[in-house]
Structure formats: C-alpha cells, structure tokens
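Taking it in order: structure first as structure tokens, then the write-up.
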Amino acid sequence: MLKRFLCSVILLACFSAVFASSMDKRVRSVPKEIREAVFKKPKDNLPSLVKALTNGLGTDAKVKVIHDWICDNIAYDSDMYFSGRISKQDSASVLKKQKAVCSGYSNLMADMCNLAGVEAIVIDGYSKGFGYTGKLGDKSDHAWNAVKKSGGWQLIDVTWDAGYLDYKAFIKQYSTQWLSLTPSQFIYSHLPLESEMQLLPKEKQRSKEMFVKEPYLSGVFFENGLSLGKNACDYTNEINGATTFDFGISKQNLLLVSDLVDREGGSSVKNATWIDHKGSTFSVNVDIPTAKKYRARLLCRPRNALQNPQFFTENEFEQSIRPRVLQLLSEKKITEKEKEFFGEAFFKVDENRRYYPAEDLFATERNNAVTKILKLLDENTGSYAEVMYFDVVPASGYAGFGSDVLRFPTTFRSYGETLNTKLVSPLGAVLKAGEEVRFEIQSKDFLSMAVVVNDALQVMSKNAKAGSFELTLTVPHAQDTLEVMASKDGKRFDGLWFYEIEQ
C-alpha cells in the first residue's frame with residue numbers, strides 16, 4: 001500500500017560538485033509522441049512511458065532508468081516550498097507541472113516502479129535536510145522510497161539526486177549518491193517515522209535521540225570509501241581547544257580538504273582546521289576562534305580530476321569570462337559555434353547574482369565546448385564535493401583562540417596530496433622569532449624533509465625507530481615565514497606548509 005505524504009522541508013546537495021554519474025540513455029530515447037503525451041494526459045500515458053523506458057530490462061536496471069528519467073524531467077518546485085503552500089503531489093499533478101517537492105518525486109517514483117512490475121513504497125520521516133538545525137520538528141519533513149530490487153529492499157531518495165537548492169533557486173545536478181546506499185549508510189541522513197522502515201536489524205535501529213546526535217554524512221561520503229573512526233564526531237561537538245576527530249578511508253585516489261564556517265555570518269574561518277593523513281585513516285583537527293557556533297566541513301574529490309566550476313558570480317561572468325571568451329574567438333582558438341554553445345550553457349539567478357551551468361548530460365557537443373573553453377581560460381580547476389559536516393560549539397569558559405588569528409599552519413596543495421603524513425609539532429600557525437622549536441613529522445610519503453632557513457634547506461634527521469623526521473632550530477628573525485618542504489627522491493623539494501613568524 002502506497003503512503004501519500006506532503007513534505008515541507010528538503011535537502012538537496014549543497015553547491016559542491018557531486019562526482020559525475022552516467023545517466024541511462026533510454027531517458028532520451030522515448031518516442032516523441034509518448035514523451036509529449038505523458039505531460040498532457042499523465043494517467044492515460046504513464047504506462048506507455050514506463051513500458052518504453054523499461055521494456056526488456058531486469059529489475060535493477062528498471063529502477064535506475066526510472067530514477068534517471070525523473071531526475072531529468074522533474075524540477076524541484078522551490079516556489080511552492082518557500083511559500084509553504086503545498087498543492088497536489090500525486091503523479092498526474094507532478095507530470096502536468098513537471099515540478100514537485102519531495103512527496104511528488106517519491107509518489108512518481110513509486111507509481112512508475114509499480115507499473116514496471118517493481119514493488120515500491122513511499123516512506124515519510126525526518127531528514128537532515130535544507131533548514132535542519134540539529135533538532136527534529138513535531139511533524140515529519142521529508143519523503144523517499146523503498147524499492148524491492150533483486151538483492152532485496154533498497155532505500156532511494158530521487159529528490160536529492162535531482163539537484164540542489166542554492167538560496168531559492170533549484171540547480172539541476174544529477175547524481176546517484178542516494179540510489180544505492182545500504183540502510184546503515186542511509187540512516188545518517190534519513191529517519192523514517194516507522195522504525196521498521198529503516199530496514200535495519202532491531203538492535204541497530206536509531207531512535208530520534210540517536211539520529212539527532214549523529215553527524216550528517218552524504219552519499220558521496222560512503223561512495224568514496226570514507227567512514228567514521230573511533231574518535232568520531234557527533235552532529236554537535238563541544239570543544240575546549242583544538243580537538244581531533246578520526247575517520248577511515250579505503251580509497252587512496254582522493255584529495256581531502258576541511259574548513260570551518262561561522263554559522264551566524266556564513267564566512268569561512270582561515271586556517272581553523274588541519275588534516276593529518278595516515279594510510280587507511282585520517283584525522284581532522286578543529287578549533288574555533290570565538291565562543292560561537294561553527295560548522296566544520298569535510299570535502300573531497302578524485303585525485304588528478306578536473307571539474308568545471310559550479311557557478312560564477314555575476315561580475316566574474318560578465319566582466320571576465322565573457323570578454324575572455326570573445327578574445328578566444330578573435331584568436332581563432334574556438335569557433336563561433338563553440339562560443340554560442342558556451343553562451344547557451346549558463347543561466348543567471350537574480351536572487352544571488354550567480355551564473356550556473358544549465359545541466360544537460362546528453363548535450364555532448366555543447367558540454368565538450370564548455371569544457372574546452374574553461375580549460376583554455378584555466379577555469380576548470382578541481383572542485384570538491386562536501387561529503388559531511390558537523391557543528392562545533394565552545395565548552396563552558398572557552399573563548400576560542402582569538403579573532404583574526406591563524407590557528408594552524410598554511411598548507412600548499414602538495415600537502416593535500418599526501419597519503420601518510422602527520423604533523424606532530426609544532427601545530428600552531430605562528431612561531432616566535434628567537435624561540436627554539438622542535439619539529440616532528442611522521443611520514444611514509446617522503447624520503448627527506450627540511451625547513452627553509454635563510455634561503456637554505458635545513459634537512460631533518462630521520463628517526464627510524466619512531467618513523468618520524470625531527471629537527472630542533474631557533475626561529476630566525478630575518479624572515480617572515482618558515483616553510484616545511486619534502487622530497488620523494490632526496491633531490492627535488494616541494495613545499496608542504498608554512499608558519500608565520502612573529503618578530
């Protein structure tokens with residue numbers, strides 16, 4: 001029996017790149033007459049659409065192509081959501097409008113699966129979604145699906161896979177991060193009203209209190225082999241100085257970064273987090289500058305992967321990108337058609353004065369032109385996906401490390417690419433000139449490590465027993481920064497991080 005649910009709160013992935021996924025080509029191969037008819041007379045033509053999409057496919061492939069078709073054809077109704085007036089969300093209403101909130105997405109997913117001979121239901125419950133504050137409301141706020149695939153029941157959130165909200169604008173961005181998670185992974189973001197709908201053994205089911213306590217973990221977190229460690233973070237963490245949270249990582253092809261954001265002003269706090277890498281584990285060190293609430297975030301991306309930016313500011317796009325594209329055309333580095341493709345590929349959101357790519361995964365020629373132009377402009381640098389976040393608040397009496405003060409050293413990109421390097425000391429961002437300082441760095445990534453003093457390398461000694469590089473020196477007066485460098489061959493040294501020197 002299908003449950004009908006009208007949601008009032010949603011979360012769609014924040015504006016960080018979600019790693020590219022492949023959309024089923026059948027999504028665009030539906031005959032034109034069926035595609036047009038289903039939006040005009042949904043009840044009469046939905047069975048024909050489902051048959052055209054799924055004919056000859058097995059159960060799992062049917063679920064995937066239905067999921068993909070909904071992501072490609074249904075936009076999130078942000079106007080309805082922000083107005084608070086939720087209209088009909090049955091499948092026919094959704095198809096006529098080609099917009100929905102979470103209940104509409106879930107109802108359509110269930111109906112299409114059932115028409116394809118795949119058992120599916122709608123689940124209502126709570127989510128750590130858009131507007132979630134760390135507390136659950138009196139009423140459930142989200143809806144998703146359980147679908148019976150070949151391996152058993154699978155939890156799916158097609159709403160969150162369709163795109164994301166940035167301010168009040170829906171930005172289409174297809175993903176599959178909420179399509180194939182296990183129930184034990186799905187539970188970190190979705191809590192059904194009915195406990196049995198968690199699809200977990202009774203001894204592992206979450207109560208409301210447990211759900212609220214645990215951090216938000218995205219689908220990308222699990223897709224990339226990340227896990228919580230022994231000293232795991234909660235959703236809200238009280239700290240009294242620099243605090244370490246541990247994680248596991250099973251893939252070595254990822255670059256990781258972390259940051260800290262002021263929950264009130266939304267601004268990023270420079271050098272307030274630090275990541276140590278140690279093979280199959282890593283840790284995030286966090287401190288806060290003042291006695292307020294902050295949000296720590298963990299982001300990652302595949303090593304050596306370049307992705308196009310998620311957006312450009314209005315001034316950046318109009319004053320820099322467009323003129324430089326015209327310059328490329330005048331230099332005959334691109335064609336007139338490629339320039340036109342680029343212009344068609346972005347749309348402006350007036351509310352936040354940003355330009356976003358108009359996603360169409362099947363517009364291959366246009367997408368290739370955009371990537372080519374952004375590469376020529378040196379704009380398609382690596383974007384990171386936010387994979388988790390947790391809040392940090394001060395313990396009683398802790399005032400923070402101070403405003404306008406750096407807490408941890410400033411890193412170079414090369415440090416982010418390390419796999420097994422941990423800074424033991426010094427962990428502070430600022431060293432005092434004339435003071436004696438002991439450096440200790442545990443690393444299996446490098447053959448040699450050194451500190452730059454008066455334009456010369458002071459090489460650290462290797463403590464084979466401790467597995468660390470060590471050096472004691474007096475901080476020089478004659479320079480403003482002290483840089484730590486490392487070499488994999490003992491010849492070429494690259495910078496890892498640097499300290500400010502206080503005179």
### Query
Taking H as built 1.01 Å from N, whose amide H comes closer than 5 Å to the amide H of Leu496, not counting residues under 5 places away?
Val484, Met485, Ala486
### Query
Using only helices, what value at 222 nm comes out for the chain when you add -39,500 (n - 2.57) per DSSP H run of length 4 or more and divide by the total residues, to the nearest 500 deg cm²/dmol?
-6500 deg cm²/dmol
### Task
With only alpha-carbon atoms counted, please give the Rg and Dmax of segment 190-275, in Å.
15.7, 44
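Size of the dipole of the chain about the Cα centre, Lys and Arg at +1 and Asp and Glu at -1 on the beta carbon, nothing else charged, in debye to 20?
Numbers: 64 positive and 63 negative charges, 301 e Å.
In debye, rounded to 20, the chain gives about 1440.
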### Alpha-carbon centroids, segment 61-98 and segment 235-282: separation in whole Å
35
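Averaged per residue, what accessible surface does the chain expose to a 1.4 Å probe, in Å²? Let's see the in-between values first.
On the way: 23100 Å² over 503 residues.
Per-residue value: 46 Å².
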### Query
Relative to the longest principal axis of the chain, what angle (0 to 90°, nearest 10) does the C-alpha long axis of helix 59-73 take?
90
### Query
Counting Lys +1, Arg +1, Asp -1, Glu -1, what net charge surrounds Phe311 among other residues with beta carbon under 14 Å of its beta carbon?
-4
### Task
Mind pulling up the Rg/Rh value for segment 144-191? Radius of gyration and Kirkwood radius, both on Cα.
1.04
### Query
Which translational diffusion coefficient, to the nearest whole µm²/s, is obtained for segment 225-267 from the Stokes-Einstein equation, given a Kirkwood hydrodynamic radius over C-alpha pairs, 25 °C and 0.890 mPa s?
193
### Query
Which value, in Å² and to the nearest 10, is the accessible area of Trp274 when all protein chains are kept and the probe is 1.4 Å?
10
### Query
Charges only on Cβ, +1 for Lys and Arg, -1 for Asp and Glu: so what's the dipole of segment 50-147 about the Cα centre, in debye to the nearest 20?
160
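I'd like the trypsin sites (Lys or Arg not before Pro) in segment 318-407 restricted to DSSP loop residues with at most 15 other Cβ atoms within 10 Å, sorted by number.
Here the sparse-neighbourhood loop sites are Lys332, Lys333, Arg353.
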### Summary
Charge dipole of segment 64-211 built from unit charges on the beta carbon (Lys, Arg +1; Asp, Glu -1), centred at mean Cα; most positive-end Cα among Gly163, Ile66, Trp144 is Gly163
### Query
Long-range amide H contacts for Leu419: which residues qualify at under 5 Å (H placed 1.01 Å from N, peptide plane, sequence gap of 5 or more or a different chain)?
none
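Select from segment 136-232 those trypsin sites (Lys or Arg not before Pro) which occupy a DSSP coil region and have at most 10 other Cβ atoms within 10 Å, ordered by residue number.
Lys230
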### Rg followed by Dmax, in Å, when segment 66-129 is reduced to its Cα trace
11.8, 36
### Query
What accessible area, in Å² to the nearest ten, does a 1.4 Å probe give for Ser195?
50
#### Entry: Vicinal HN-Hα couplings computed from phi for segment 215-232 (Karplus, 6.51 cos²θ - 1.76 cosθ + 1.60; Hz; Gly/Pro x)
x, 7, 10, 7, x, 5, 3, 7, 4, 9, x, 8, 8, 7, x, 5, 8, 7
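Counting only other residues whose beta carbon sits under 13 Å from that of Glu338, what net charge do I get with K and R as +1, D and E as -1? Numbers along the way, then the final one.
Numbers: positive: Lys332, Lys333, Lys337, Lys339, Arg366, Lys372, Lys375; negative: Glu331, Glu336, Glu340, Glu344, Glu365.
Net charge around Glu338: +2.
Lys and Arg at +1, Asp and Glu at -1: add these up for the other residues within a Cβ distance under 12 Å of Thr54 and post the number.
Details: positive: Arg26, Lys51, Lys62, Lys64; negative: Asp24, Asp60, Asp68.
So the surrounding residues net to +1.
Looking at the chain, identify the longest residue range that excludes and avoids all GluC sites (Glu not before Pro) in DSSP loops having at most 14 other Cβ atoms within 10 Å. Can you show the working numbers first?
On the way: sites that count: Glu119, Glu194, Glu264, Glu331, Glu351, Glu435.
Value returned for the longest uninterrupted segment is 1-118.
Please report the carbon-and-sulfur percent of the accessible area for the chain; probe 1.4 Å, protein heavy atoms only, DNA, RNA and ligands left out.
Values: 11150 of 23100 Å².
Ligands and nucleic acids excluded, carbon and sulfur reach 48 percent.
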### Query
Probe 1.4 Å, all protein chains in place: accessible area of Ser280 in Å², nearest 10?
80
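Scaled to the compact-protein estimate 2.2 N^0.38 Å, what is the alpha-carbon radius of gyration of segment 386-503, rounded to two decimal places?
Compared with the compact-globule rule of thumb, segment 386-503 sits at 1.17.
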### Query
Binning every alpha carbon pair distance of the chain at 20 Å from zero, what are the percents per bin?
20, 49, 27, 4, 0
#### Entry: Computed over segment 135-227, the ratio Rg/Rh where both radii use C-alpha atoms and Rh is Kirkwood
0.96
### Message
Once the convex hull of the alpha carbons of segment 66-220 is built, what does its volume come to per residue, in cubic angstrom?
### Response
113
### Query
Taking a threshold of 24 Å on the Cα-Cα distance, which of the pairs Lys270/Lys488; Lys337/Lys372; Lys444/Lys465; Lys99/Lys339; Lys62/Lys208 fall above it?
Lys270/Lys488; Lys99/Lys339; Lys62/Lys208
#### Entry: Signed unit charges on C-beta, dipole axis of segment 353-503, positive-most listed residue Val405, Thr418, Leu473
Thr418
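The values are calculated or read from the model by the stated rules, or taken from the named source; none is laboratory data. Predicted model, so just to flag it, every value in this text is computed and none were measured. Please note: Cβ atoms are built from the backbone with ideal geometry, for glycine as well, and neighbour counts cover all protein chains shown. Areas reflect the complete protein model, heavy atoms only, side chains present, ligands, DNA and RNA absent. Shrake-Rupley method; radii C 1.70, N 1.55, O 1.52, S 1.80 Å.
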